[in-house]
Amino acid sequence: MRKRQNPSGIRNLIIVSDTHCGCRLALCGPEPIKVDGGGQYLASDFQRKMWALWREFWDEWVPEVTRGEPYDLVHNGDAIDGSHHNSTTQISHNIEDQIRIAERVIGPEVAKCKKSGGTYYHIRGTEAHVGQSGEYEERLARNLGAKPNDQGQFARFDLWKRVGGSGGPLVHLLHHIGTTSSAAHESSAVNAELTAEYVEAARWNREPPDYIVRSHRHRSIAVDLNSAKGYAAAIVTPAWQGKTPYVWKIPGARISEPQIGGVMIRRGDEEHYYRRWVQSFDRSNEE
């Protein structure tokens, strides 16, 4: 890979996605949550286990892979669960309750990012979860202090991000990517997405991305291809939600366990690279 010395700017990019705050199978802190009407919600045992992973990710993994240096942070969509598909797994169907939960979960990590000197970015997720135009996620991103794009959107549809200043790797982030029920073909849509990015760049004589980051699937995978720039990678992030009743009906997904975690892209002194932190839960106990 081409040698790149003396990088300037923030050299680390941390990406999380699909926190689905407001769902009883997703992230929720251990403290009681007040909901509209004065009641309270307490996290389940499952949510407490997930919260322990959330803390391990931020308190141990992120400082290690960033080497204690500043980092930019991206939430790549579906921060809240919304009220969708006639589901009944939400803590509350009141979107304000869900936004408050998300602020309590994500807000401290945004504050640490900014304290380090980094910038927070927010990507809009799926309409069924975050509103028809992403209006719920826009409200949350504004409350969290996300950097707006040139149209003034705090929650944007995509982000082109240069890591580590001039000469650093170029990253393209957006939420959606195709899915499959076949584990044997899990990489197909990911490879197709990366190929399409390169075709589009060549068509208009633009610089292709070194990395593309997608989410939505709740299953992490990465595809690497050699290129004149060194290599190009398409990365799909893991999520922070357990298996909902809907997932138990989907071929492939119904027999797999949740994948929890996040991604880092780093510009080093001589090369750039990515790391994934992916955890899972044990399958059901034997009887």
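The values are calculated or read from the model by the stated rules, or taken from the named source; none is laboratory data. What you see is a predicted model, and the numbers here were worked out from it, not measured in a lab. Note that each Cβ is placed from the backbone with ideal geometry, even for glycine, and that neighbours are counted across all protein chains shown. Protein only, heavy atoms only, side chains kept; ligands, DNA and RNA dropped before computing areas. Shrake-Rupley method; radii C 1.70, N 1.55, O 1.52, S 1.80 Å.
Suppose each label sits 7 Å from its Cα in the direction of the beta carbon; what would the GLN40-ASN143 distance come out to in nanometres?
Going from the GLN40 label point to the ASN143 one covers 2.0 nm.
How long, wide and thick is the chain, going by the Cα atoms along their three principal axes, in whole angstroms, largest first?
If we take the Cα atoms of the chain, the spans are 56, 43, 36 Å.
Cα-Cα pairs above 15 Å in region 116-214: how many percent?
Pairs farther apart than 15 Å: 69 percent.
Quick check for me: using +1 on Lys/Arg Cβ and -1 on Asp/Glu Cβ, what's the dipole size of the chain about its Cα centre, in debye to the nearest 20?
Result for the chain is approximately 580 debye, rounded to the nearest 20.
Report, as a whole number in µm² per second, the diffusion coefficient that Stokes-Einstein gives for region 147-190 at 20 °C and 1.002 mPa s using the Kirkwood radius over alpha carbon pairs.
Rounded to a whole number, D works out at 163 µm²/s.
Mind checking the per residue accessible area of the chain for me, 1.4 Å probe, whole number of Å²?
Here the residues of the chain average 47 Å² of exposed surface.
So if I take the centroid of the Cα atoms in region 58-107 and the same for region 185-237, what is the distance between those two points in Å?
Here the answer is 25 Å between Cα centres.
Between GLU64 and ASP269, take the C-beta separation as r, use R0 = 22 Å, and let me know the FRET efficiency to the nearest 0.05.
Plugging the Cβ-Cβ distance into 1/(1 + (r/R0)^6) gives 0.80.
What percentage of the solvent-accessible surface of the chain, computed with a 1.4 Å probe over protein heavy atoms, is contributed by carbon and sulfur atoms?
48 percent
Check every DSSP H run in the chain and write down those whose alpha carbon atoms cover 27 angstrom or more along the long axis and whose mean Kyte-Doolittle hydropathy is -0.5 or greater.
Helices meeting the criterion: 95-115.
From largest accessible area down, sort ARG283, ARG267, ARG275; use a 1.4 Å probe on the protein chains.
In descending accessible area the options line up as ARG283, ARG275, ARG267.
On full extension of the chain, what length is gained from HIS84 through ARG203, given 0.36 nm per residue of separation minus the C-alpha to C-alpha distance?
Fully extending the segment from HIS84 to ARG203 adds 39.0 nm.
Going from the alpha-carbon gyration tensor of region 42-129, what semi-axes, largest first and in whole Å, does one get by taking the root of 5 times each eigenvalue?
27, 16, 11
Provide, for q = 0.10, 0.11, 0.25 Å⁻¹, the log10 of I(q)/I(0) from a solvent-free Debye sum over equal Cα point scatterers in region 182-284.
-0.34, -0.41, -1.38
Using a basic spin-label model with each label point 7 Å from the Cα along Cα→Cβ, how many nm lie between LYS249 and GLU31?
My value for the distance between the label points is 3.8 nm.
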